[in-house]
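Right, one structure below, let's go through it.
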Amino acid sequence: MLFFSYFKDLVGREVTVELKNDLAIRGTLHSVDQYLNIKLENTRVVDQDKYPHMLSVRNCFIRGSVVRYVQLPPEGVDIEILHDATRREARGG
Amino acid sequence: MNPMSWATPDDVLLSTSLATYLDKKIIVLLRDGRKLLGLLRSFDQFANVVLEGACERVIVGDLYCDVPLGLYVIRGENVVLIGELDLGKEELPPHMACVSEAEIRKAQKADRESSDLKGTMRKRMEFLDFD
(Lines give C-alpha, C1' and ligand atoms only; values in the text may rest on other atoms or scores of the structure.)
Protein backbone atom coordinates (compact mmCIF):
# COMPACT_ATOMS: atom_id res chain seq x y z
CA MET A 1 0.00 0.00 0.00
CA LEU A 2 2.95 2.31 0.54
CA PHE A 3 3.62 3.09 -3.09
CA PHE A 4 -0.09 3.44 -3.76
CA SER A 5 -0.28 6.15 -1.05
CA TYR A 6 2.93 7.63 -2.33
CA PHE A 7 1.65 7.95 -5.91
CA LYS A 8 -1.64 9.37 -4.63
CA ASP A 9 0.36 12.23 -3.12
CA LEU A 10 1.92 12.89 -6.52
CA VAL A 11 -1.44 13.44 -8.25
CA GLY A 12 -1.34 16.68 -10.22
CA ARG A 13 2.43 16.54 -10.72
CA GLU A 14 4.21 16.12 -14.03
CA VAL A 15 5.75 12.64 -14.37
CA THR A 16 7.35 10.53 -17.09
CA VAL A 17 6.23 6.92 -17.27
CA GLU A 18 8.51 4.51 -19.08
CA LEU A 19 6.89 1.28 -20.18
CA LYS A 20 8.39 -2.17 -20.62
CA ASN A 21 8.10 -1.72 -24.40
CA ASP A 22 10.42 1.35 -24.11
CA LEU A 23 7.62 3.83 -24.84
CA ALA A 24 8.08 6.84 -22.53
CA ILE A 25 5.14 9.17 -21.90
CA ARG A 26 5.20 12.48 -20.08
CA GLY A 27 2.04 13.90 -18.58
CA THR A 28 0.21 15.15 -15.53
CA LEU A 29 -0.60 12.37 -13.07
CA HIS A 30 -4.41 12.27 -12.92
CA SER A 31 -4.95 9.21 -10.76
CA VAL A 32 -3.54 5.91 -9.61
CA ASP A 33 -5.16 2.79 -8.15
CA GLN A 34 -4.24 -0.26 -6.06
CA TYR A 35 -2.72 -2.07 -9.07
CA LEU A 36 -0.62 1.05 -9.76
CA ASN A 37 -2.56 1.56 -12.96
CA ILE A 38 -1.95 5.17 -13.93
CA LYS A 39 -4.01 7.76 -15.73
CA LEU A 40 -2.18 10.68 -17.34
CA GLU A 41 -3.50 13.93 -18.78
CA ASN A 42 -1.95 16.31 -21.32
CA THR A 43 0.33 13.51 -22.42
CA ARG A 44 3.09 13.66 -24.95
CA VAL A 45 5.30 10.84 -26.07
CA VAL A 46 8.99 11.50 -25.46
CA ASP A 47 10.06 10.11 -28.87
CA GLN A 48 7.05 11.26 -30.92
CA ASP A 49 8.54 10.47 -34.36
CA LYS A 50 8.89 6.81 -33.44
CA TYR A 51 5.27 6.51 -32.29
CA PRO A 52 3.10 8.45 -34.80
CA HIS A 53 -0.07 6.65 -33.66
CA MET A 54 0.16 8.46 -30.29
CA LEU A 55 -0.08 11.92 -31.90
CA SER A 56 -3.69 12.65 -30.97
CA VAL A 57 -3.68 10.95 -27.56
CA ARG A 58 -4.03 13.57 -24.80
CA ASN A 59 -5.41 11.41 -21.98
CA CYS A 60 -4.44 7.84 -21.35
CA PHE A 61 -4.72 4.89 -19.01
CA ILE A 62 -1.60 2.78 -18.45
CA ARG A 63 -1.89 -0.73 -17.04
CA GLY A 64 0.26 -1.02 -13.91
CA SER A 65 1.76 -4.33 -15.00
CA VAL A 66 3.53 -2.79 -18.03
CA VAL A 67 5.25 0.08 -16.22
CA ARG A 68 9.03 -0.09 -15.91
CA TYR A 69 9.82 3.28 -14.31
CA VAL A 70 8.01 6.38 -13.17
CA GLN A 71 10.29 9.41 -13.25
CA LEU A 72 9.21 11.89 -10.60
CA PRO A 73 9.83 15.57 -10.11
CA PRO A 74 12.76 15.89 -7.69
CA GLU A 75 10.74 18.11 -5.36
CA GLY A 76 8.04 15.40 -5.21
CA VAL A 77 10.25 13.09 -3.20
CA ASP A 78 10.59 13.64 0.53
CA ILE A 79 13.07 10.92 1.46
CA GLU A 80 12.48 11.45 5.20
CA ILE A 81 8.74 10.81 5.00
CA LEU A 82 9.23 7.84 2.70
CA HIS A 83 11.88 6.42 5.00
CA ASP A 84 9.65 6.75 8.08
CA ALA A 85 6.66 5.27 6.27
CA THR A 86 8.76 2.32 5.11
CA ARG A 87 9.87 1.56 8.66
CA ARG A 88 6.31 1.91 9.93
CA GLU A 89 5.14 -0.51 7.24
CA ALA A 90 7.95 -2.95 8.07
CA ARG A 91 6.83 -2.99 11.72
CA GLY A 92 3.35 -3.92 10.53
CA GLY A 93 1.50 -0.64 10.49
CA MET B 1 -25.04 -5.61 -9.64
CA ASN B 2 -23.59 -2.58 -11.30
CA PRO B 3 -20.02 -2.19 -9.93
CA MET B 4 -20.33 1.59 -10.27
CA SER B 5 -23.52 1.85 -8.22
CA TRP B 6 -21.74 2.97 -5.02
CA ALA B 7 -19.38 5.37 -6.76
CA THR B 8 -20.57 8.91 -7.23
CA PRO B 9 -19.93 10.59 -10.60
CA ASP B 10 -17.11 12.61 -8.99
CA ASP B 11 -15.40 9.45 -7.72
CA VAL B 12 -15.38 8.03 -11.23
CA LEU B 13 -13.92 11.21 -12.72
CA LEU B 14 -11.12 11.23 -10.17
CA SER B 15 -10.31 7.51 -10.32
CA THR B 16 -8.37 5.40 -12.79
CA SER B 17 -11.69 3.92 -13.93
CA LEU B 18 -12.07 3.59 -17.68
CA ALA B 19 -15.65 4.86 -17.34
CA THR B 20 -14.58 8.31 -18.56
CA TYR B 21 -13.60 6.73 -21.92
CA LEU B 22 -16.91 4.85 -22.40
CA ASP B 23 -18.48 5.40 -25.84
CA LYS B 24 -15.40 7.35 -26.94
CA LYS B 25 -12.98 6.46 -29.67
CA ILE B 26 -9.89 4.96 -28.09
CA ILE B 27 -6.62 3.40 -29.15
CA VAL B 28 -5.48 0.26 -27.34
CA LEU B 29 -1.78 -0.66 -27.48
CA LEU B 30 -1.21 -4.36 -27.00
CA ARG B 31 1.83 -6.16 -25.62
CA ASP B 32 2.70 -7.57 -29.05
CA GLY B 33 2.91 -4.02 -30.44
CA ARG B 34 -0.44 -4.02 -32.24
CA LYS B 35 -2.65 -0.95 -32.13
CA LEU B 36 -6.42 -1.40 -32.08
CA LEU B 37 -8.90 1.46 -32.49
CA GLY B 38 -12.60 1.46 -31.74
CA LEU B 39 -15.40 2.63 -29.47
CA LEU B 40 -15.05 1.55 -25.85
CA ARG B 41 -18.30 -0.19 -24.94
CA SER B 42 -17.36 -2.10 -21.79
CA PHE B 43 -14.49 -2.81 -19.39
CA ASP B 44 -13.71 -4.30 -15.99
CA GLN B 45 -11.09 -4.02 -13.22
CA PHE B 46 -8.57 -6.14 -15.19
CA ALA B 47 -8.74 -3.77 -18.16
CA ASN B 48 -10.54 -6.41 -20.20
CA VAL B 49 -12.27 -4.23 -22.78
CA VAL B 50 -14.91 -4.49 -25.47
CA LEU B 51 -14.29 -2.48 -28.63
CA GLU B 52 -17.07 -1.84 -31.11
CA GLY B 53 -16.12 -1.26 -34.73
CA ALA B 54 -12.57 -2.25 -33.94
CA CYS B 55 -9.82 -1.95 -36.50
CA GLU B 56 -6.11 -2.62 -36.40
CA ARG B 57 -3.90 0.29 -37.45
CA VAL B 58 -0.95 -1.21 -39.27
CA ILE B 59 1.93 1.26 -39.69
CA VAL B 60 4.98 0.58 -41.84
CA GLY B 61 7.28 3.57 -42.25
CA ASP B 62 5.14 6.38 -43.66
CA LEU B 63 2.34 4.07 -44.78
CA TYR B 64 -0.66 3.03 -42.75
CA CYS B 65 -3.87 1.05 -43.10
CA ASP B 66 -6.86 0.52 -40.80
CA VAL B 67 -7.85 -3.13 -41.15
CA PRO B 68 -11.49 -3.61 -40.03
CA LEU B 69 -12.01 -6.34 -37.43
CA GLY B 70 -15.53 -5.94 -35.99
CA LEU B 71 -16.51 -6.37 -32.34
CA TYR B 72 -13.54 -7.31 -30.20
CA VAL B 73 -13.15 -8.43 -26.59
CA ILE B 74 -9.54 -7.87 -25.49
CA ARG B 75 -8.17 -9.76 -22.53
CA GLY B 76 -6.73 -7.29 -20.02
CA GLU B 77 -3.32 -8.92 -19.62
CA ASN B 78 -2.51 -8.00 -23.24
CA VAL B 79 -3.30 -4.32 -22.76
CA VAL B 80 -0.39 -1.89 -22.43
CA LEU B 81 -2.15 1.45 -22.76
CA ILE B 82 -5.56 2.86 -23.55
CA GLY B 83 -5.53 6.32 -25.05
CA GLU B 84 -8.46 8.63 -25.65
CA LEU B 85 -8.24 10.00 -29.19
CA ASP B 86 -8.64 13.76 -29.34
CA LEU B 87 -11.13 14.22 -32.17
CA GLY B 88 -10.00 17.81 -32.70
CA LYS B 89 -6.51 16.69 -33.63
CA GLU B 90 -5.08 14.79 -36.56
CA GLU B 91 -4.63 11.13 -35.63
CA LEU B 92 -1.45 10.80 -37.67
CA PRO B 93 1.19 13.21 -38.99
CA PRO B 94 0.32 14.70 -42.42
CA HIS B 95 3.21 13.02 -44.25
CA MET B 96 1.72 9.57 -43.66
CA ALA B 97 -0.25 7.98 -46.49
CA CYS B 98 -3.23 5.64 -46.25
CA VAL B 99 -2.89 2.53 -48.44
CA SER B 100 -4.92 -0.62 -49.07
CA GLU B 101 -4.64 -3.71 -46.90
CA ALA B 102 -2.83 -5.61 -49.69
CA GLU B 103 -0.24 -2.84 -49.99
CA ILE B 104 0.36 -2.59 -46.25
CA ARG B 105 0.81 -6.38 -46.00
CA LYS B 106 3.37 -6.21 -48.81
CA ALA B 107 5.20 -3.36 -47.05
CA GLN B 108 5.05 -5.29 -43.77
CA LYS B 109 6.59 -8.36 -45.43
CA ALA B 110 9.37 -6.33 -47.06
CA ASP B 111 10.08 -4.61 -43.75
CA ARG B 112 10.24 -7.93 -41.91
CA GLU B 113 12.55 -9.42 -44.53
CA SER B 114 14.95 -6.48 -44.41
CA SER B 115 15.11 -6.61 -40.61
CA ASP B 116 15.64 -10.42 -40.76
CA LEU B 117 18.48 -9.83 -43.22
CA LYS B 118 19.99 -7.24 -40.89
CA GLY B 119 19.78 -9.82 -38.11
CA THR B 120 21.63 -12.49 -40.08
CA MET B 121 24.29 -10.03 -41.29
CA ARG B 122 24.87 -9.04 -37.71
CA LYS B 123 25.11 -12.68 -36.67
CA ARG B 124 27.71 -13.35 -39.36
CA MET B 125 29.76 -10.37 -38.21
CA GLU B 126 29.50 -11.28 -34.55
CA PHE B 127 33.14 -12.35 -34.36
CA LEU B 128 34.03 -8.68 -34.85
CA ASP B 129 32.47 -8.03 -31.46
CA PHE B 130 31.13 -4.51 -32.07
CA ASP B 131 29.35 -2.59 -29.37
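For this structure, a couple of remarks:
- Only residues that are of a type in the set (Ser, Thr, Tyr) and either closer than 23 Å to B:Gly88 by Cβ or part of a strand (DSSP E or B) (or both) were counted across the range A:5-30, and they come to 2.
- Taking the listed residues B:Ile74, B:Ile82, the one that is closer than 30 Å to B:Leu18 by Cα, touching a Cys at 6+ places or on another chain (Cβ under 7 Å) and modelled with pLDDT of 90 or more is B:Ile82, with no other qualifying.
- When the range A:22-58 is filtered for residues that are at the interface with chain B (Cβ under 7 Å from one of its Cβ atoms) and among the basic types (Lys, Arg), the ones remaining, listed by number, are A:Lys39, A:Arg58.
- A:Thr28 surrounded by fewer than 20 Cβ atoms within 10 Å (Cβ to Cβ), more than 22 Å from B:Lys24 (Cα to Cα) and at pLDDT 95 or above: no
- All positions within the range B:77-100 that are more than 9 Å from chain A (Cβ to nearest Cβ) and free of Cβ contacts under 8 Å to residues at least 12 places away in the same chain: B:Pro94
- Among the numbered conditions (1) of a type in the set (Val, Ile, Thr); (2) facing another protein chain (nearest Cβ under 9 Å); (3) over 14 Å from B:Ile82 (Cβ atoms), the only one that A:Val77 does not meet is (2).
- Total residues in the range A:59-71 satisfying the condition of being buried (at least 17 other Cβ atoms within 10 Å of the Cβ) and free of Cβ contacts under 8 Å to residues at least 40 places away in the same chain: the figure is 4.
- Qualifying residue in the range A:37-49 (condition: hydrophobic (A, V, I, L, M, F, W, C) and farther than 29 Å from B:Ala97 by Cα): yes
- Residues of the range B:22-76 that turn out to be among the aliphatic types (A, V, I, L, M), assigned to a strand (DSSP E or B) and within 12 Å of chain A (Cβ to nearest Cβ), as a count: 14
- Qualifying residue in the range A:22-37 (condition: of a type in the set (Phe, Trp, Tyr) and touching an Asp or Glu at 6+ places or on another chain (Cβ under 9 Å)): no
- Selection of the range B:65-104 for residues being among the charged types (D, E, K, R) and out of contact with any strand residue (DSSP E or B) (no Cβ under 8 Å at 6 or more places or on another chain) yields B:Arg75, B:Glu77, B:Glu90.
- Once the range B:25-37 is narrowed to residues that are within 20 Å of A:Val66 (Cβ to Cβ) and crowded, with 16+ Cβ neighbours inside 10 Å, the residue that is nearest to the chain's Cα centre (by Cα) is B:Lys35.
- Within the range A:31-50, the residues that satisfy the criterion of being surrounded by 18 or more Cβ atoms within 10 Å (Cβ to Cβ) and under 20 Å from B:Lys25 (Cβ atoms) are A:Lys39, A:Leu40, A:Thr43, A:Val45.
- Residues in the range A:31-81 that are within 27 Å of B:Val60 (Cα to Cα) and part of a loop (DSSP other than H, G, I, E, B): A:Val46, A:Asp47, A:Tyr51, A:Leu55, A:Ser56, A:Arg63.
The values are calculated or read from the model by the stated rules, or taken from the named source; none is laboratory data. Bear in mind the structure is a predicted one, so any value in this text is a computation, not a measurement. A quick note on method: Cβ atoms are made from the backbone with ideal geometry, for glycine too, and the neighbour counts reach across all protein chains shown.
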